[in-house]
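Worksheet: the structure to be examined is printed underneath.
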Amino acid sequence: MASELVHIFAASVRDAYIQVSAFVAVTVLLFSYVQYRSEGALIARLESNRAIQPLAGALLGLTPGCGGAIVMMPLYVRGTVSFGTVVSTLVATAGDSAFVILTQAPLAAATSYGIAFASAVGFGYAIDAYGLGVERLDRAVRRLRPALSHGGRSGGLASGSSNPAHDYGDVDVPVHTHDEGPDRSSPILTPLSHALHVLWWVAAAFALVLGVTYLVQSAPEVPLRLGVDFAGLFTAVGITGTTLSLYLYLVGRHYIGEGQVGHGRESFGSAYDTLTHAAMETSFVTVWVVAAYLLYEYPVSLLGIDVAGLAAAAGVFAPVAGALVGLIPGCGPQIVLAEAYVKGGIPFSTLTANAISQDGDALFPLLAVDPGAAIVASVYTTVPAIVAGVALHYLWSPTFGLASFGFGVLGG
């Protein structure tokens, strides 16, 4: 029993980094680099063209992770984008769970997120035209704007930011559980953290090559062992990368200027700052992915739980449950659900309903400034999630040949 527990833990630590984190790093780095090179020009153009805002919001939300969606929330509070844009962004957002599905079930990802994107665009424009309660929210935002411009409210609002690299407009992004702890300086830990950050990128480069090879080979079972062959390198690099990620997330980020994680940024001061941000965001995702692996593998392996059987028995309530789980802010529960899909534990309809409903970390900035708008936005994102999930369960799966379980999963 003890050896089985250790084996599950080691395999989860290894697989999280190779199968997910290496691809997360590339995606976050590319998105951050575009922000760095454009110096915020993309956001400025969006603010000046309201007719395309819901479409642009859906495109930003569609980018893996929460960065694109987080950038949009302060823009609504500042009155520069519509509430329909907020909803379209959140509907399209799949958060950090997108990395799990994109790397391990790319066909399912393309189908699910395509449905989410179409729902986001249509629902966003409909809310701007006919949405209930939107005028009241817009009036509340207009009343907030004078306070915002003068820093007249505490608990999340400020007139500016002392660090332009962390500027979210007039809104100081809230600190929640995984962001606690200020940036610090140490004659030992500061240079050590920078050195391990560089080593982390070396591990990420090796992990990307191994991960691509793994996908090309249709995601085979890889033995857990050390050595100079593929399986040995897969194990060594995976465990090393996750260990470095844990250090950067728990300790290192406070010593290299990235004390807050899980938030998008509008600009970056340098290329190294961009690399640092991508590493910290990926390390945060790695922690959650490892937790998701363990939360799934331990009960299933040790207790003999038939998750797929339970989900099948739930019938149409499975996608409804997926949509309701999406109401929970943050990426953790959604990553667990994504991993359950990859393991065959939930049907495709549930995955899609959750992808539409969930808001990831993007809801936190809005919750801090305008809880009413955040709650209404969450309700709005749940409606198309339930509709799409139930439609998939009854209509689309048999019509378009979408298997209930395991659709698009590599090696499935």
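The values are calculated or read from the model by the stated rules, or taken from the named source; none is laboratory data. Being a predicted model, the structure only gives us computed values, none of them experimental. Here the Cβ positions follow ideal geometry from the backbone for every residue, glycine too, while neighbour counts run over all protein chains shown.
Of all residues in the stretch 1-20, those satisfying the criterion of being at pLDDT below 85 and buried (at least 21 other Cβ atoms within 10 Å of the Cβ) are Gln19, Val20.
Screening Ser97 on (1) in contact (Cβ under 8 Å) with a residue 24 or more places away in the chain; (2) surrounded by fewer than 24 Cβ atoms within 10 Å (Cβ to Cβ); (3) on the phi < 0 side of the Ramachandran plot shows it passes everything except condition (2). Checking each residue in the stretch 1-43 for being more than 21 Å from the chain's Cα centre (by Cα) and charged (D, E, K, R) picks out Glu4, Arg37, Glu39.
At pLDDT 80 or above and either part of a helix (DSSP H, G or I) or surrounded by fewer than 24 Cβ atoms within 10 Å (Cβ to Cβ) (or both): is that true of Phe268 in this structure? Answer is no for this residue. Reported count of residues in the stretch 368-391, each being crowded, with 20+ Cβ neighbours inside 10 Å and either assigned to a helix (DSSP H, G or I) or hydroxyl-bearing (Ser, Thr, Tyr) (or both), is 14. The one condition from (1) in a helix (DSSP H, G or I); (2) among the hydrophobic types (A, V, I, L, M, F, W, C); (3) under 17 Å from Ala16 (Cβ atoms) that Leu199 does not meet is (3).
Taking the options Val237, Val173, Val222, Val228, name whichever one is part of a loop (DSSP other than H, G, I, E, B), buried (at least 18 other Cβ atoms within 10 Å of the Cβ) and at pLDDT 90 or above. Going through Val237, Val173, Val222, Val228 in turn, just one is part of a loop (DSSP other than H, G, I, E, B), buried (at least 18 other Cβ atoms within 10 Å of the Cβ) and at pLDDT 90 or above: Val222.
Over 17 Å from Ala355 (Cβ atoms) and surrounded by fewer than 24 Cβ atoms within 10 Å (Cβ to Cβ): is that true of Gln35 in this structure? When the stated conditions are applied, Gln35 passes them. Against the test of being within 20 Å of Ala278 (Cβ to Cβ), small (Gly, Ala, Ser) and under 15 Å from the mean Cα position of the chain (by Cα), the options Ala58, Ala69 yield a single qualifying residue, Ala69.
Checking each residue in the stretch 299-322 for being in a helix (DSSP H, G or I) and modelled with pLDDT of 85 or more picks out Phe317, Ala318, Pro319, Val320, Ala321, Gly322. The single condition from (1) aliphatic (A, V, I, L, M); (2) surrounded by fewer than 20 Cβ atoms within 10 Å (Cβ to Cβ); (3) under 18 Å from Ile335 (Cα atoms) that Ala41 fails is (3). Candidates are the residues of the stretch 249-265 that are within 24 Å of Leu363 (Cβ to Cβ) and not basic (Lys, Arg); the one that is modelled with the highest pLDDT is Tyr249. Could you grab me the full set of residues in the stretch 340-363 that are touching an Asp or Glu at 6+ places or on another chain (Cβ under 9 Å) and either crowded, with 24+ Cβ neighbours inside 10 Å or closer than 21 Å to Ala388 by Cβ (or both)? Within the stretch 340-363, Gly345, Gly360, Asp361 qualify. The sole residue among Val100, Val81, Val77 that is closer than 30 Å to Gly211 by Cβ and either out of contact with any Phe, Trp or Tyr (no Cβ under 6 Å at 6 or more places or on another chain) or of a type in the set (Phe, Trp, Tyr) (or both) is Val100.
Yes or no, residue by residue, for (1) over 16 Å from the mean Cα position of the chain (by Cα); (2) touching a residue at least 60 places away in the same chain (Cβ under 8 Å):
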position: Pro347; (1), (2): yes, no
position: Ala353; (1), (2): no, no
position: Leu363; (1), (2): no, yes
position: Gly372; (1), (2): yes, yes
position: Val376; (1), (2): yes, yes
